[in-house]
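Trainee: Below you will find the structure I want to go over with you.
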Amino acid sequence: MTNGESAEVGFIGHEGIVGSLHLLGNPQMATRCMIQLAGKGLRISLTVLQKAFYDSEEIRSGILLFVQCHAAMTAQIAGCNRMHDAEQRLAR
């Protein structure tokens, strides 16, 4: 945000990929990610990921499936935030 504040808008587990939206358009999107629990994260440059995305149908299909599932989850969370009170939202 322009004032330096931030907000958590999603979470990704071991099945996901951070930065997948960069493959679909503007790679200059202002995003930040962090690991919040003990574990490991693997890092790959966007250039290498883009090449794999375009060269491999299997990788491309997997990433696009993840993007679709993550978008559906984000929409569900937004709907819950609008329709339910805090106690109900905590139950999700």
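Trainee: Of everything in region 12-28, what is closer than 19 Å to THR74 by Cα, surrounded by 10 or more Cβ atoms within 10 Å (Cβ to Cβ) and free of Cβ contacts under 8 Å to residues at least 24 places away in the same chain? Give them in sequence order.
Mentor: VAL18
Trainee: Taking the residues in region 35-92 that are at pLDDT 85 or above and polar (S, T, N, Q) as candidates, determine which candidate is surrounded by the most Cβ atoms within 10 Å (Cβ to Cβ).
Mentor: Applying the filter and picking the extreme gives GLN50.
Trainee: In region 1-45, what count of residues is obtained for those that are closer than 18 Å to LEU64 by Cα, touching a Lys or Arg at 6+ places or on another chain (Cβ under 9 Å) and polar (S, T, N, Q)?
Mentor: 0
Yes/no per residue for (1) assigned to a loop (DSSP other than H, G, I, E, B); (2) among the small types (Gly, Ala, Ser):
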position	(1), (2)
ALA7	yes, yes
GLY39	yes, yes
ALA52	no, yes
LEU65	no, no
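Trainee: All but one of (1) part of a loop (DSSP other than H, G, I, E, B); (2) in contact (Cβ under 8 Å) with a residue 24 or more places away in the chain hold for ILE77; state the number of the condition that does not hold.
Mentor: It is condition (1) that ILE77 fails.
The values are calculated or read from the model by the stated rules, or taken from the named source; none is laboratory data. Predicted, not measured: the structure shown is a model, and the values here were computed from it. We place every Cβ from the backbone using ideal geometry, glycine too, and count neighbours over all the protein chains shown.
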